[in-house]
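The values are calculated or read from the model by the stated rules, or taken from the named source; none is laboratory data. Nothing here was measured: the structure is a model prediction, and the numbers come from that model. So basically every Cβ, Gly included, is an ideal-geometry build from the backbone, and we count neighbours across all protein chains shown.
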Amino acid sequence: DTVQKGGFAHYMLKEIFEQPDAIHRAVHAVSEETLPSSLRQASSITVVACGSSYHAGMIFRYLIEPVCGIPVRLELGSEYKYTPVPFSDVIIGISQSGETADTLSAIRKGICNNVKTVAITNVLNSSITRSAHDTILMHAGPEISVAASKSFIAQVGVLMQIVNILSGGRCHDILDHARYALEQVLLTDLTEAVDLCSKAQHLFYVGRGVFYPVMMEGALKMKEISYIHAEAYAAGELKHGPFALLSPDTPVIAICTPGPAYEVMLGNMKEMKARGTPIVAFGNEDDGDVSDIADVVIPLPKAHMWTQVLTSTVLLQLLAYHTANRLGREIDMPRNLAKSVTVE
Ligand code: G6P
């Protein structure tokens, strides 16, 4: 068992550490030549997915719309059956296992309505590959841990590469750098943040723009493996309800990196701080304004926003992992959860 885990205490930690290679393979899994023509010609795209895969789809929407001007409609697999079709000329179904019943039925619904379909999956010959018109395999390698880590980063890698290709290679350099960027953050010391999170019963995760789905994925990881109640909000939504719950017992994990949301995030963190809420903030490594407000800073290497999407995702996985480990959770096989959900 220890040998299979490559000396790591859990498969999840091993798989987190495999992410530099996984992102590299995923980015190279699709090229100008192999990109399905339905995507090359798409004037609008619908993405359907569940769980972590849905969060990858949401990141895709934030990235592709400003760069390529292609509108993306995003649907949960389990809800898509209640919407009329079609809304777009292509449906992308994202599913690491390729077996999620709700995502499969979305693909079939597209086909019945003469909409082109593309599957993004990690499993060769899985059900989704046999249903969809085209398949992009993300080549993350086998993932044993129930909670997705390297399959998620690989999905984001494939989706970033799709945006890159559709934009005529505008994001090539960023993706070229992704493997190294992930290697850089794997050994970040998260002890102080883990101290704070492992004592909490409730955690809020907040971000803006593309970092909102990054935080949704971070909160999902925390829930899945530590069993701590973790909720993600778009930071601007806190005032519309969750603010009533903030107290010294409800730490907030926030992300505040340079970009269009920077100033307003700093303001949001000050408002939270005024309620006595402990703040763990992801910020650029030398950002004094973030460290003045936050109780704990998780430093991100300075980089392009896309790169910070990847690095913060990995650090949020590690935060969940180390918190769960501190609490003695089973981690690789969380209670009540399954790696693939083949029923509605
Ligand atoms: C299960 C897994 C999650 C996954 C979700 C969707 O709940 O535990 O990790 O995100 O299914 O799975 P899929 O295989 O469709 O990506």
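Observations on the structure shown:
- Residue in region 204-225 that is aliphatic (A, V, I, L, M), in contact with a Ser or Thr (Cβ under 6 Å, 6 or more places away or on another chain) and modelled with pLDDT of 95 or more present: yes
- Within region 132-155, residues that are closer than 22 Å to Ala181 by Cα and surrounded by fewer than 24 Cβ atoms within 10 Å (Cβ to Cβ) have Cβ atoms under 7 Å from residues that are hydrophobic (A, V, I, L, M, F, W, C) and at pLDDT 95 or above in these pairs: His139/Ala26; His139/Ala29; His139/Ala154; Gly141/Ala22, counting only partners at least 6 apart in sequence or on another chain.
- Just one of the listed residues (Ala193, Ala200) is among the hydrophobic types (A, V, I, L, M, F, W, C) and assigned to a loop (DSSP other than H, G, I, E, B), and it is Ala200.
- If the condition is being surrounded by 14 or more Cβ atoms within 10 Å (Cβ to Cβ), in contact with a helix residue (DSSP H, G or I) (Cβ under 8 Å, 6 or more places away or on another chain) and either modelled with pLDDT of 95 or more or of a type in the set (D, E, K, R) (or both), then region 246-270 contributes Pro251, Val252, Ile253, Ala254, Ile255, Cys256, Thr257, Ala261, Met265, Leu266, Asn268, Met269.
- Test: Ala29 is over 14 Å from the mean Cα position of the chain (by Cα) and of a type outside the set (S, T, N, Q): yes
- Filter result for the condition that a residue is closer than 16 Å to Val30 by Cβ, in contact with a strand residue (DSSP E or B) (Cβ under 6 Å, 6 or more places away or on another chain) and modelled with pLDDT of 95 or more, over Ile165, Ile136: Ile136
- Any hit, region 269-276, residues being within 30 Å of Leu74 (Cα to Cα) and in contact with a strand residue (DSSP E or B) (Cβ under 7 Å, 6 or more places away or on another chain): yes
- Residue match in region 38-56 (condition: within 30 Å of Asp134 (Cβ to Cβ), free of Cβ contacts under 8 Å to residues at least 40 places away in the same chain and not in a loop (DSSP other than H, G, I, E, B)): no
- Among the residues making up region 228-238, those that are exposed (fewer than 15 other Cβ atoms within 10 Å of the Cβ) and touching a residue at least 24 places away in the same chain (Cβ under 8 Å) are His229, Gly236.
- Whether a residue is modelled with pLDDT under 95, aliphatic (A, V, I, L, M) and part of a loop (DSSP other than H, G, I, E, B) was assessed, and Val30 does not pass this test.
- The set of residues in region 80-98 being in a loop (DSSP other than H, G, I, E, B) and either touching a residue at least 60 places away in the same chain (Cβ under 8 Å) or within 14 Å of the ligand (Cβ to nearest atom) (or both) consists of Gln96, Ser97, Gly98.
- Qualifying residue in region 230-245 (condition: at pLDDT 95 or above, within 16 Å of the ligand (Cβ to nearest atom) and not in a helix (DSSP H, G or I)): yes
- Selection within region 99-110 - in contact with a helix residue (DSSP H, G or I) (Cβ under 7 Å, 6 or more places away or on another chain) and either surrounded by 24 or more Cβ atoms within 10 Å (Cβ to Cβ) or without any contact (Cβ under 8 Å) to a residue 24 or more places away in the chain (or both): Thr100, Thr103, Ala106, Ile107, Arg108
- Among residues of region 290-319, those that are assigned to a helix (DSSP H, G or I), over 24 Å from Thr100 (Cα atoms) and either of a type in the set (Asp, Glu) or within 14 Å of the ligand (Cβ to nearest atom) (or both), counted: 1
- Test: residue in region 325-344 that is outside any loop (DSSP other than H, G, I, E, B), more than 13 Å from the ligand (Cβ to nearest atom), within 29 Å of Pro248 (Cβ to Cβ) and of a type in the set (A, V, I, L, M, F, W, C): no
- From Gly77, Gly69, Gly6, residue being more than 15 Å from the ligand (Cβ to nearest atom) and farther than 28 Å from His172 by Cα: Gly6
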